[in-house]
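> Sending over a structure as structure tokens; questions will come in a sec.
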Amino acid sequence: MTQQQLLDALSNLPSVGELVKDRGNRQVWRVQLGATPYFLKWYPRAGNAIKRKLVGNPALLEFTRLIALQQAAIASPRAIAVLRGFKINSVPGDAVILQAIEPSVPLDKYLNDLELRGEPVPDRPLLARQLIDLIYHLGKAKLGHNDLHLGNILLSQGKLFLLDGYAVRNGGLKMSHVLMLGHSAGRWATRTEMVRGWRLLMASDSRPPSANPVSEEMSRKFLDRTRGGNAYFGIIKLDDLHGRFFKRVKAPRWWSPVSELQITEADWISQWPIIREKLQREEYPAIKRSASGDVFEGTIQLAGRDIDVIFKLPKRKTFIKRVSSFFRSKNSRSWTKAWKVMIRNFPVEWPLLLAEKTIVGYPLRTLLILARVPGPTLEEADLDSMPPVDRERFFRRLGRTLRRLELAGFGHFDAKSSNWIVLADERRGPTPVIIDVDGIRHYRTDGEGIERLLRSMKLHRQYTRQDSYWLCKGYAPFARVLDETTQTAEGQ
């Protein structure tokens with residue numbers, strides 16, 4: 001790249017460049033000069049005056065920190081130049097130019113795409129070892145990273161690169177940095193990989209903490225977003241109902257195709273007259289009618305696609321439920337619980353819309369719409385039609401899901417067979433998906449869920465002692481199993 005080529009490209013950046021990302025406080029532009037691509041990270045000066053006085057010029061800071069990574073031989077983008085007073089569309093700012101690493105993909109997106117397709121990670125041991133080595137050498141160089149997650153790790157032709165030089169810090173790796181990486185990688189990493197990485201990076205024979213404080217902090221931030229008014233959740237008014245709705249999620253989940261959609265307020269406004277009229281006329285098929293509420297199923301159109309959904313309209317039949325609704329309605333609790341469980345990567349029915357009519361905070365009428373999970377409930381499933389391998393895999397997964405719920409700090413007080421969907425998948429086999437999350441509480445009660453499920457499964461005509469064995473072994477793989485008929489331990 002000659003100096004004249006650089007000057008020509010920078011003087012006409014909005015025309016020759018491509019805006020890749022706009023975070024308000026910074027923009028990322030891509031520029032192609034001949035056969036070489038470059039990225040320009042631009043920090044506008046407007047609105048950042050106080051921060052600049054405290055920490056300095058962000059473009060210069062990122063440039064110097066990228067240089068420190070290069071001097072430590074840590075794989076990262078090569079810093080080319082820093083530009084002070086650089087203007088874009090007559091707005092003053094500062095910029096740093098980086099040499100692009102292409103073709104490439106963020107590591108979290110790469111892993112998530114493989115998960116969506118149900119494919120194993122190619123060269124998984126090599127990739128895990130390379131990631132741990134990259135962070136190990138970062139700490140060995142007396143450097144740390146305040147935003148150490150897989151989105152800031154770039155995969156290019158089998159090699160990993162560390163991104164976001166602005167987050168690099170002197171002083172070495174801190175525990176908070178490692179915990180952030182553990183939170184980000186925990187969705188895909190095995191327990192063995194987590195322990196090996198922790199022991200190497202922390203130079204200790206200990207095990208990673210069972211409760212990651214960074215995970216709890218990130219979960220709280222996500223739950224705050226579910227209240228609406230941001231890029232992921234919106235606020236909406238439908239007639240006399242006020243509510244919030246799901247827009248999009250950064251990392252879609254394989255068990256819910258709607259998580260890949262980008263839903264807008266206009267989608268709901270166009271569908272609402274149809275939904276309202278069919279609910280009033282009770283034209284949607286009823287799944288359940290009881291004194292506690294009604295549940296209907298139907299099809300609506302969102303983001304240009306037909307989506308099978310569930311409508312929940314609860315009733316308050318007791319004095320206690322009427323009093324508890326002053327604080328939060330049943331649908332509102334279900335909305336929050338579903339997201340609490342989903343963010344911890346448990347398969348659960350996907351909430352789409354929560355709308356309520358309230359007076360002085362008391363909900364008079366509420367509506368919860370969720371994406372319908374295809375497949376029968378466990379109560380109605382034809383177990384004998386499953387191949388033996390799939391049948392064993394399903395019950396072991398079911399027991400493991402209940403155990404993981406407890407390890408995450410939840411208790412499932414209503415884990416009966418009618419509250420699970422048997423989701424068929426060609427690559428993964430049958431998978432249990434949680435529905436009706438109202439029975440989940442965010443406090444741990446070991447054994448409550450498995451006992452409730454075992455009691456309900458006794459009513460299933462096709463349920464066998466072998467199924468019960470697999471279910472219990474999935475829940476407690478290293479425990480002795482007792483036969484209820486003989487009360488003797490396995491192996492005696």
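The values are calculated or read from the model by the stated rules, or taken from the named source; none is laboratory data. Keep in mind that what you see is a predicted model, and the values were worked out from it rather than measured. Don't worry about glycine lacking a Cβ; one is built from the backbone with ideal geometry, like all the others, and counts go over all protein chains shown.
> Would you check if there is a residue in the stretch 137-157 being of a type in the set (S, T, Y), outside the structural domain of R78 (by TED's automatic domain parsing), part of a helix (DSSP H, G or I) and over 19 Å from E62 (Cα atoms)?
Looking for residues that are of a type in the set (S, T, Y), outside the structural domain of R78 (by TED's automatic domain parsing), part of a helix (DSSP H, G or I) and over 19 Å from E62 (Cα atoms), one finds none in the stretch 137-157, hence no.
> In addition: Taking the conditions exactly as written (touching a residue at least 24 places away in the same chain (Cβ under 8 Å), surrounded by fewer than 20 Cβ atoms within 10 Å (Cβ to Cβ) and of a type in the set (K, R)), does R196 satisfy them or not?
Criteria met by R196.
> Could we say that S184 is on the phi < 0 side of the Ramachandran plot, small (G, A, S) and touching a Leu at 6+ places or on another chain (Cβ under 8 Å) here?
Considered against the rule, which asks whether it is on the phi < 0 side of the Ramachandran plot, small (G, A, S) and touching a Leu at 6+ places or on another chain (Cβ under 8 Å), S184 comes out as yes.
> Where residues in the stretch 165-193 are polar (S, T, N, Q) and free of Cβ contacts under 8 Å to residues at least 24 places away in the same chain, which of them is nearest to K221 (Cα to Cα)?
The selected residue is T190.
> Still on this model: Got a sec? Which of Y463, Y443 is hydroxyl-bearing (S, T, Y), within 30 Å of A371 (Cβ to Cβ), part of a loop (DSSP other than H, G, I, E, B) and over 27 Å from the mean Cα position of the chain (by Cα)?
Y463
> Filter the stretch 153-184 for residues that are β-branched (V, I, T) and in contact with a strand residue (DSSP E or B) (Cβ under 7 Å, 6 or more places away or on another chain) and give the result.
I153, V168, listed by residue number.
> Going residue by residue through the stretch 468-476, is there one that turns out to be of a type in the set (G, A, S), assigned to a helix (DSSP H, G or I) and surrounded by 17 or more Cβ atoms within 10 Å (Cβ to Cβ)?
Yes: one or more hits.
> Next up: Those residues that are of a type in the set (S, T, N, Q) and surrounded by 14 or more Cβ atoms within 10 Å (Cβ to Cβ), I need them from the stretch 279-311; list them, please.
Listed by number, the list holds a single entry, S292.
> Let me ask another. What are the residues in the stretch 40-93 that are buried (at least 16 other Cβ atoms within 10 Å of the Cβ), without any contact (Cβ under 8 Å) to a residue 40 or more places away in the chain and over 18 Å from G165 (Cα atoms), if any?
Passing the criteria: N48, K87.
> Pick from V389, V422: which is in a strand (DSSP E or B), in contact (Cβ under 8 Å) with a residue 12 or more places away in the chain, out of contact with any His (no Cβ under 8 Å at 6 or more places or on another chain) and not assigned by TED's automatic domain parsing to the domain that holds K288?
V422
> Here is a follow-up. Applying the selection to the stretch 235-274, what residues are in a helix (DSSP H, G or I) and either over 14 Å from F311 (Cβ atoms) or in contact (Cβ under 8 Å) with a residue 60 or more places away in the chain (or both)?
Correct list: P257, V258, S259, E260, E265, A266, D267, W268, I269, S270, P273.
> Within the bounds of the stretch 116-127, is there any residue that is hydrophobic (A, V, I, L, M, F, W, C), buried (at least 16 other Cβ atoms within 10 Å of the Cβ) and either in contact with a helix residue (DSSP H, G or I) (Cβ under 6 Å, 6 or more places away or on another chain) or in the same structural domain as L407 (by TED's automatic domain parsing) (or both)?
No: the stretch 116-127 contains no residue that is hydrophobic (A, V, I, L, M, F, W, C), buried (at least 16 other Cβ atoms within 10 Å of the Cβ) and either in contact with a helix residue (DSSP H, G or I) (Cβ under 6 Å, 6 or more places away or on another chain) or in the same structural domain as L407 (by TED's automatic domain parsing) (or both).
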